[in-house]
Amino acid sequence: MKTLIKNVEIIDAAGQRSGKVLIEDGKIKKVYKEKGVVRAAYDEEIDGEGHGLMPGFIDMHCHLRDPGYEYKETMETGMKAALKGGFTSLVAMANTKPIIDNVDALQNNLDKAAELDLCQLIQVAALTKDFGDEELVDFEALRPFTNVFSNDGVSVMNQDTMIRGLAASAQNDFILAAHCDPETSLVQRDVELLEKTGGHLHVCHISKKETLDAIREAKERGLDISCEVTPHHLFASAMEYRVNPPFRTYPDRRALIEGIKDCVVDMCGTDHAPHSEEDKLKGAPGINNFEMAFAMYYTVFCQNGIGVEKLSEMLSDAPARRMGLKAGLIKEKYPADLVLVDLNWEGKINPKDFISKSRNNPFGGETLKGKVLMTMVKGNIKYDDNRSAL
Ligand code: DOR
């Protein structure tokens, strides 16, 4: 099967250019300039006139709730919501029930994802057994199935556990993704441990200026550290809505935006954390982000004069590079994981229209910019906002 996507503005970390993209057998076969002549035959043509074509977004941090909390989200509803948001690969946290801390549980989720054939799943494994204080998981057994380990939602308070986790990260070559609460002091501790022990540290959902300063300094010291932000911490400050980490001050929010401009912040994640209405009323922290993340990010980037190619770098190229995936760019031989976007669209996204199983998002009344029109995974259209417009 060969598909040509024509009349698009190709946008990725390498820049913007008008052109067309030929897809064959799930991969990008050729990228043409605007006036380039396509001599190859193809079966299907998509006219993206006036729209942007970006590499599929790779979410470094989300919660799919499957297994165990299917009343909040299932892998299927989560992945469909992700595709509507332009996300083609998902790094799903291990705080399910039971917790993903062994090969069988991990393999079950990978099998489920393969059967669904929606997004690519990178299933995170827990760092410790049942998110406990001391006993580490069997890294050697789990490593062939994942390269991200994390107790997300539960900070690793035990210093010795963190040292052994980082040592395993160095030895088995995986990313240790750390949820740090209290944020800055725990990041400072982990940076010190990283310097002594080695390893590959990724700091989840940073929200404070001081945390950013600690990461900037660690990068200047040449340590292998990366970090992500969330749409909500960039978009708003000082809101009451319950989320972990909480909404911070306006200066913190400004610092995160500056951290994007000076490349201390590596990635734009979602921390998609679906909760039922009842759980939310009981105080469950988290925001349902897949379907609004791109518009929230694009709006903030526009307001602050940051180019859409930088957003592409942070949504696709940087997470791919961090995880060693050959993805995240519109480039020959790369997977045809692609998103068609309308960057001129402006409007409100109503959580009532979410296809996620939950609706917990407080940004319903906000005017946002940028809309996902179509999402393709390995050359197959998996989400289509309005096929007649293509
Ligand atoms: O707000 C949050 N919700 N932060 C987390 O770290 C966990 C997440 C969840 O699982 O609901």
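Just to be sure I understand, how many residues within segment 23-36 are under 21 Å from Glu309 (Cα atoms) and free of Cβ contacts under 8 Å to residues at least 40 places away in the same chain?
Qualifying residue count for the region: 3.
Quick test for you: out of Asn304, Asn289, pick the one residue that is modelled with pLDDT of 95 or more, within 14 Å of the ligand (Cβ to nearest atom) and not aromatic (Phe, Trp, Tyr). Full working, then the answer.
Details: Asn304 fails: within 14 Å of the ligand (Cβ to nearest atom).
Exactly one residue qualifies, and that residue is Asn289.
Tally the residues that are surrounded by 15 or more Cβ atoms within 10 Å (Cβ to Cβ) and over 27 Å from the mean Cα position of the chain (by Cα), restricting the search to segment 7-36.
The qualifying residues number 2.
Filter segment 187-243 for residues that are polar (S, T, N, Q) and within 19 Å of Leu166 (Cβ to Cβ) and give the result. Steps first, answer last, please.
Quick first cut of segment 187-243, residues polar (S, T, N, Q) only: 188, 197, 207, 211, 226, 230, 237.
Once the filter is applied, which keeps residues that are polar (S, T, N, Q) and within 19 Å of Leu166 (Cβ to Cβ), segment 187-243 yields Gln188, Thr197, Thr211, Ser226.
If the requirement is being under 24 Å from Arg248 (Cβ atoms) and touching a helix residue (DSSP H, G or I) at 6+ places or on another chain (Cβ under 6 Å), which of these qualifies: Leu212, Leu166, Leu186, Leu193?
On the way: Leu166 fails: under 24 Å from Arg248 (Cβ atoms); Leu186 fails: touching a helix residue (DSSP H, G or I) at 6+ places or on another chain (Cβ under 6 Å); Leu193 fails: under 24 Å from Arg248 (Cβ atoms).
From the options Leu212, Leu166, Leu186, Leu193, the qualifying one is Leu212.
Could you grab me the full set of residues in segment 117-154 that are among the small types (Gly, Ala, Ser), in a loop (DSSP other than H, G, I, E, B) and at pLDDT 95 or above? Write out each step before concluding.
Residues of segment 117-154 that are among the small types (Gly, Ala, Ser), as a first pass: 125-126, 132, 141, 150, 153.
Within this subset, residues satisfying the condition of being in a loop (DSSP other than H, G, I, E, B) are 126, 132, 150, 153.
Correct list: Ala126, Gly132, Ser150.
When you go through Ile215, Ile163 one by one, which is the residue that is more than 16 Å from the ligand (Cβ to nearest atom), closer than 20 Å to Met314 by Cα, out of contact with any Asp or Glu (no Cβ under 8 Å at 6 or more places or on another chain) and in a helix (DSSP H, G or I)?
Working: Ile163 fails: closer than 20 Å to Met314 by Cα.
Criteria check complete, one pass: Ile215.
It is to be established whether one or more residues within segment 315-324 are in contact with a helix residue (DSSP H, G or I) (Cβ under 6 Å, 6 or more places away or on another chain), of a type in the set (A, V, I, L, M, F, W, C) and surrounded by 22 or more Cβ atoms within 10 Å (Cβ to Cβ). Quick ask: steps written out before the conclusion?
Within segment 315-324, the first condition is being in contact with a helix residue (DSSP H, G or I) (Cβ under 6 Å, 6 or more places away or on another chain), and the residues that meet it are none.
Within segment 315-324, none of the residues are in contact with a helix residue (DSSP H, G or I) (Cβ under 6 Å, 6 or more places away or on another chain), of a type in the set (A, V, I, L, M, F, W, C) and surrounded by 22 or more Cβ atoms within 10 Å (Cβ to Cβ).
Yes/no matrix, rows are residues, columns are (1) surrounded by fewer than 16 Cβ atoms within 10 Å (Cβ to Cβ); (2) over 30 Å from Gly15 (Cβ atoms); (3) without any contact (Cβ under 8 Å) to a residue 12 or more places away in the chain:
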position	(1), (2), (3)
Val38	yes, no, no
Glu49	yes, no, no
Asp59	no, no, no
Gly68	yes, yes, no
Thr77	no, yes, no
Ala82	no, no, no
Thr96	no, yes, no
Ile99	no, yes, no
Leu106	no, yes, no
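Do we have Ala178 as buried (at least 19 other Cβ atoms within 10 Å of the Cβ), within 13 Å of the ligand (Cβ to nearest atom) and aliphatic (A, V, I, L, M) here?
Details: buried (at least 19 other Cβ atoms within 10 Å of the Cβ): yes; within 13 Å of the ligand (Cβ to nearest atom): yes; aliphatic (A, V, I, L, M): yes.
Against the criterion (buried (at least 19 other Cβ atoms within 10 Å of the Cβ), within 13 Å of the ligand (Cβ to nearest atom) and aliphatic (A, V, I, L, M)), Ala178 qualifies.
Quick one: which of Glu277, Glu228, Glu240 is within 22 Å of Leu368 (Cβ to Cβ), surrounded by fewer than 20 Cβ atoms within 10 Å (Cβ to Cβ) and within 16 Å of the ligand (Cβ to nearest atom)?
On the way: Glu277 fails: within 22 Å of Leu368 (Cβ to Cβ); Glu228 fails: surrounded by fewer than 20 Cβ atoms within 10 Å (Cβ to Cβ).
After applying the criteria, what remains is Glu240.
Is there a residue in segment 254-271 that is small (Gly, Ala, Ser) and more than 16 Å from the ligand (Cβ to nearest atom)? Steps first, please.
Taking segment 254-271 first, the residues small (Gly, Ala, Ser) are 255, 259, 269.
If we keep only those that are more than 16 Å from the ligand (Cβ to nearest atom) as well, we get 255, 259.
Yes, segment 254-271 contains at least one residue that is small (Gly, Ala, Ser) and more than 16 Å from the ligand (Cβ to nearest atom).
I need the full set of residues from segment 166-175 which are assigned to a helix (DSSP H, G or I) and either within 16 Å of the ligand (Cβ to nearest atom) or touching a His at 6+ places or on another chain (Cβ under 6 Å) (or both), in order please. Full working, then the answer.
To start, the set of residues in segment 166-175 that are assigned to a helix (DSSP H, G or I) comprises 166-172.
Ser169, the sole residue that qualifies.
Only one of Ile330, Ile306 is farther than 23 Å from Gly78 by Cα and buried (at least 18 other Cβ atoms within 10 Å of the Cβ). Can you tell me which? If you could, list the steps in order and put the result at the bottom.
Details: Ile306 fails: buried (at least 18 other Cβ atoms within 10 Å of the Cβ).
Exactly one of Ile330, Ile306 is farther than 23 Å from Gly78 by Cα and buried (at least 18 other Cβ atoms within 10 Å of the Cβ), namely Ile330.
Given the condition more than 15 Å from the ligand (Cβ to nearest atom), under 29 Å from Leu368 (Cβ atoms) and hydroxyl-bearing (Ser, Thr, Tyr), answer yes or no: does some residue in segment 53-70 qualify? Talk me through it step by step, then tell me what you get.
Here is the first cut: in segment 53-70, the ones more than 15 Å from the ligand (Cβ to nearest atom) are 53-58.
Within this subset, residues satisfying the condition of being under 29 Å from Leu368 (Cβ atoms) are 53-58.
Narrowing the set further to residues that are hydroxyl-bearing (Ser, Thr, Tyr) leaves none.
Looking through segment 53-70, none of the residues is more than 15 Å from the ligand (Cβ to nearest atom), under 29 Å from Leu368 (Cβ atoms) and hydroxyl-bearing (Ser, Thr, Tyr).
Between a residue in segment 263-291 that is of a type in the set (Lys, Arg) and assigned to a loop (DSSP other than H, G, I, E, B) and any residue that is at pLDDT below 95 and within 11 Å of the ligand (Cβ to nearest atom), which pairs come within a Cβ distance under 8 Å, given they are 6 or more apart or on different chains?
Sorted first by the residue in segment 263-291, then by its partner, the list stays empty.
Could you name every one of the strands (runs of 3 or more DSSP E) located completely within segment 1-116 that has at least 1 residues being small (Gly, Ala, Ser) and closer than 29 Å to Glu277 by Cβ?
Numbers: elements: 2-12, 15-24, 27-33, 44-55, 57-62, 87-92.
So the answer is 87-92.
Got a sec? Which strands (runs of 3 or more DSSP E) wholly within segment 293-388 have at least 1 residues that are in contact (Cβ under 8 Å) with a residue 60 or more places away in the chain, hydrophobic (A, V, I, L, M, F, W, C) and more than 28 Å from Thr146 (Cα to Cα)?
Qualifying strands (runs of 3 or more DSSP E): 338-348, 367-377.
The values are calculated or read from the model by the stated rules, or taken from the named source; none is laboratory data. None of these values were measured; they are calculated from a predicted model. Backbone-built Cβ (ideal geometry, glycine too); neighbour counts: all protein chains shown.
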